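The values are calculated or read from the model by the stated rules, or taken from the named source; none is laboratory data. Computed from a predicted structure; not experimentally measured. Counting neighbours? That spans all protein chains shown, and the Cβs are built from the backbone with ideal geometry, glycine included.
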Amino acid sequence: MARTVFILGAGASKEAGGPLMLDFLDVANRLYRQGRVGDAAEHFELVLHARDSLQAVQAKAYIDVFNMENVFGLFEMGRILGTLGSLETKHIDKLPTAMRIVVATTLQQSVVFRPGDGGTVLPPYPYAMFAGLVADVRESQGGGVSVISFNYDLAADYAFHYASMPIDYALTDDPAKPDAMAFCKLHGSVNWASCAKCEMVQPLTLDAHFARRVWAPLRRGEDSHRLSMSQHLTALQHCSKPSMPEPVIVPPTWNKGRYHGAIESVWRRAAKELSEAETLVVIGYSLPPTDQFFQYLFGLGCVGRHTLRHVIVCNPDGAVADRFRALLAPAVVHGGFTHMGGVFSDCLGPLRQRLVRPAPA
């Protein structure tokens, strides 16, 4: 029973180096110009050229073509209509794959893993503290904790791996191991791949990755590591074939339905966890008005035998708290709604005071 459910959005990874939707493509452009995207350069060229071709849209309609969510949505519509500015059809058809590779590469080049003592590599800041908080809440509650994430990156995944905390991605409906914590990544992950034949999704787990590889030594001038796993996805086998080379990434757009069928078990598990929650902690997720999927998931998922008693929204933007107040039933808003206005690291101490129950004397 998930008495406490954490929800992570892009804002949770900002302190770790992960870009937000508003600046994601600018970061991608900078990495490309710095020559830091390796074999993905062709995909970056296509995505950035396609984004530039959308400038013509603004001559007749205002659409923010610098926000990744909007650009992803326009690419999806362009694929359906067969037209996207001056791009040829053959290039439009390549955009979905190219965009996934750009997203994965940008995140893997941006999220920072610092060297620790004795040759160890630390989780991105402040995820080690978050994993410690989750572990302590689990212990004080006797289990009953899960995490739902909208993030593609591996900051939380590595923090749980570093803390020896087993997780269940819920990629199948099979019962999880008793000691594994549900970790539902609703938009996919850079370490998930789909079968080239049957499209079943499977993860390249961090345990499997580090069983075969070690962190590369830092080169001169480097002060941090990067965790790049997406280029190893074809090592996964299913139906006697290598997996698809690009990661499973569900666009954060209006057209999620086309993609999320392959990971619908993740959404079902997330709904189950929400239905059992008594405390909901939202960190860095802004509840954009365009995200009807989460609103439906939340509304239907929260129907259950358990009463949602507390909702804690951790976000520096007060408008985000207002959006959650509008989403929640009046009884929750008036009885147990808290807005913590700091960034991720600012909120971890107050969350610990609220959620970790003292050990019996």
- Answer with yes or no whether L328 is modelled with pLDDT under 85, within 17 Å of F6 (Cα to Cα) and surrounded by 16 or more Cβ atoms within 10 Å (Cβ to Cβ). yes
Screening K177, K241, K197 for residues that are touching a Cys at 6+ places or on another chain (Cβ under 6 Å) and not polar (S, T, N, Q) leaves only K197
Can P126 be described as buried (at least 19 other Cβ atoms within 10 Å of the Cβ) and in the same structural domain as S189 (by TED's automatic domain parsing)? yes
Restricted to region 121-144 and to residues being part of a loop (DSSP other than H, G, I, E, B) and at pLDDT below 95, the residue nearest to the chain's Cα centre (by Cα) is G144
Expected output for region 127-143 (first residue within 17 Å of I7 (Cα to Cα), partner in a loop (DSSP other than H, G, I, E, B) and of a type outside the set (A, V, I, L, M, F, W, C), Cβ below 7 Å, 6+ apart or cross-chain) is A131/P123
Apart from one, (1) in contact with an Asp or Glu (Cβ under 9 Å, 6 or more places away or on another chain); (2) within 30 Å of L133 (Cα to Cα) all hold for M244; the odd one out is (2)
Across region 185-239, the tally of residues that are among the aromatic types (F, W, Y) and within 21 Å of E264 (Cβ to Cβ) stands at 1
Filtering region 336-357 down to residues that are within 18 Å of L274 (Cα to Cα), in a helix (DSSP H, G or I) and touching a Lys or Arg at 6+ places or on another chain (Cβ under 8 Å) yields G336
Exercise for the section: Consider R79 carefully, then state whether it is surrounded by 15 or more Cβ atoms within 10 Å (Cβ to Cβ), of a type in the set (D, E, K, R) and outside the structural domain of P245 (by TED's automatic domain parsing). Expected result: yes
